[in-house]
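Here is the structure we will look at.
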Amino acid sequence: MGVVLKQSIQNVVVTYLGFLFGAVNTLFLYTTILEDEYYGLVTFILASGAILMPLMAFGVHNTLVKFYSNYGEDDKDSFLSFMLIVPLLGIVPVALIGVFFYEPLGNLVSQVNPIVKNYLWYVFFVGLAMAYFEVFFAWCKVHLKSVFGNFMKEVFGRIGVTLLLILFYFDIVSLDLFFKLLVGLYLLRTVIIKIYAYSLRFPKLNFKFPSNSKEILAYSFLIILGGSAALILLEIDKVMLNQFVDIENVAYYGVAVYIATVIIVPSRAMHQITYPLTAEQLNSGNHSGLKGLYQKTSLTLFIASGILFVLIILNLNDLYLLLPEAYRSGYTIVFLVGLAKVFDSLLGNNNSILFNSKYYKTVLMFGVCLAALTIVLNYLLIPVLGLEGAALASFISIFIFNLTKIVFVQQKFGVQPFTKATFKVLAVLVLLAVLFDMLQFPFHPILNILLKSALIVVMYLGILYRFDISEDVSGILSKWLKKKTP
């Protein structure tokens, strides 16, 4: 088994494991152990730190991957030394703003929720930790060692949060210490990945900067724009809610969004495999191969994300019965954000096509424009519709962004992701949603979820197999059925 395939499979397992721990924390531990106000504060700190991360990393996590292989052994140390210094171009200005403008900035973000003002430095240190974590994770990737970094990113922090919540529950740590340890957990994660990265190649500091430093900085700046735009699309709603509603509502919104985010897990796992394949098709000029990969990834991810969406929506009432009552009013949020995630998956390897092509600068500009639109929509819709307004703003922005990317790829490459099978899958999903919406079991919510989900999945796979809608799904099921048949 090749290195890329082996690590891709391991990364899929790690990603799912991370989401499992994340689900336990988000849906059950946070909601029962922390007061709603403080859970909302945690959500605000982490979302704000994530938005700061691209600026504080200064795009180095992408730049390192792109340029590292261009250097000979003698020049790699100067390049890596440069990569360690460049993030300071983002970190130092942010720190200075924090030092000299803390009071007016604190007053601005705490108009509705005064508690936020005392935690702004927590946001800075979380962003700092996230930024350098991504730099050292990229350091690992260029040495073809991504599994440990992925574990640290997806699993380590979530296990750490689980332990912190348990310690807080048993009064071993105070609330104030819990928040300090939460920030410390992100810093510790960065230190560990740094030690691991240095074990792969210990840097020999060389301050003779690379000859193409200007090109590197220009590319890094573009990546800042692209990365910031992407994270604004994902996280700005949680941050902006703080300006309009009581902070406990940020927690309610965060839980609903996390439920919907499960839909994107198959896409995150598959992109680690399809990214290098897409680059290969583009570099070789294999148009038919690119079209086939585009349509196959779109169909496969639509099959997976579509059924997850149906399962979540049809089981949401039972799932909410397992959560505290205050968290049970997010049906519209889950529906809108979930639908946006399905649309994301429907694009298949669209992002891989765009970012491996010569048009990546244009796409970054699209992202910046859509990020601005997201901010404006949140500003207009949250005061009117509250939490549902934030979800609607995200849905509209993602829908427009994805539609733009589909049209752009169609115009520049002459390929689009949809086939007849796409509409067959859509019809099956609608049929299952209508049919099983009328089926309600009178048992315990967990048993209801398991029974309904099992029936839906069996019927779904049966229809896909019977009508041979997807070659991949039919092939996997055929092999499995042959093994089960004596």
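One chain, two ends: Gln411 and Ser478. Fully extended at 0.36 nm per residue, the span grows by 20.4 nm beyond their Cα-Cα distance. Highest mean packing comes first when the peptides 126-136, 303-313, 447-457 are listed by Cβ atoms within 10 Å, giving 126-136, 303-313, 447-457.
Over all directions, what mean area does the Cα convex hull of the chain project, stated in square nanometres? Averaging across all directions leaves 25.3 nm² for the Cα convex hull. Using the Cβ-Cβ distance between Val430 and Leu187 with R0 set to 56 Å, the FRET efficiency works out to roughly 0.75. Taking a virtual spin label 7 Å from the Cα of Cys369 along the C-beta vector, which residues in region 320-356 bring their backbone nitrogen under 20 Å of it? Residues passing the 20 Å test: 344, 350-356.
Per-residue packing, averaged as other Cβ atoms within 10 Å, sorts the ranges 181-192, 87-98 into the order 181-192, 87-98, beginning with the highest.
Taking Cα centre as origin and charging only the Cβ of basic (Lys, Arg, +1) and acidic (Asp, Glu, -1) residues, the dipole magnitude of the chain rounds to 1760 debye.
Short to long, the 5 Å bins of the Cα pair-distance histogram for region 149-289 hold 2, 7, 8, 10, 17, 19, 14, 10, 7, 4, 2, 1, 0 percent of all pairs.
Per residue, region 184-256 exposes 47 Å² of solvent-accessible protein surface, assessed with a 1.4 angstrom probe and all protein chains in place. Taken over the Cα atoms of region 387-486, the convex hull encloses 163 Å³ per residue. Ellipticity at 222 nm from helices only: DSSP H runs of n ≥ 4 in the chain, each -39500 (n - 2.57), divided by the residue count, give -26500 deg cm²/dmol. Screening the chain for whole DSSP H helices with an alpha carbon extent of at least 27 angstrom along the helix axis and a mean Kyte-Doolittle hydropathy of at least 1.0 yields 3-23, 36-57, 120-141, 175-200, 213-241, 360-385, 387-413, 445-466. Spacing of the modelled spin labels on Ser174 and Lys361, each 7 Å from Cα toward Cβ, amounts to 5.5 nm. Here each label is just a point 7 Å from Cα along the line to Cβ, and for Tyr465 and Lys420 those points are 2.3 nm apart.
When the surface is traced with a 1.4 Å probe over the full set of protein chains, His143 keeps roughly 50 Å² accessible. Evaluated on region 259-342, the Kirkwood hydrodynamic radius is 14.6 Å, with distances taken between all distinct Cα atoms. The radius of gyration of the Cα set in region 387-434, together with its Dmax, comes out at 14.6, 39 angstrom.
Could you work out what % of the accessible surface of the chain is carbon and sulfur, using a 1.4 angstrom probe and leaving DNA, RNA and ligands out of the count? C and S fraction of accessible area: 69 percent.
Look at where the Cα atoms of region 318-338 and of region 410-486 average out, and the two centres are 24 Å apart.
Relative contact order of the chain, taken over Cα pairs closer than 8 Å and 6 or more residues apart, is 20 percent. Cross-link pairs exceeding 23 Å between alpha carbons, from the set Lys76/Lys361; Lys204/Lys361; Lys361/Lys405; Lys296/Lys341; Lys117/Lys153: Lys76/Lys361; Lys204/Lys361; Lys117/Lys153.
Between Gln10 and Val458, the distance separating the two model label sites (each 7 Å from Cα on the Cα→Cβ line) works out to 3.8 nm.
The values are calculated or read from the model by the stated rules, or taken from the named source; none is laboratory data. The structure presented is a predicted model; accordingly, all values stated were derived computationally and were not measured. We place every Cβ from the backbone using ideal geometry, glycine too, and count neighbours over all the protein chains shown. Only protein heavy atoms, including side chains, enter the accessible area calculation; ligands, DNA and RNA are left aside. Shrake-Rupley method; radii C 1.70, N 1.55, O 1.52, S 1.80 Å.
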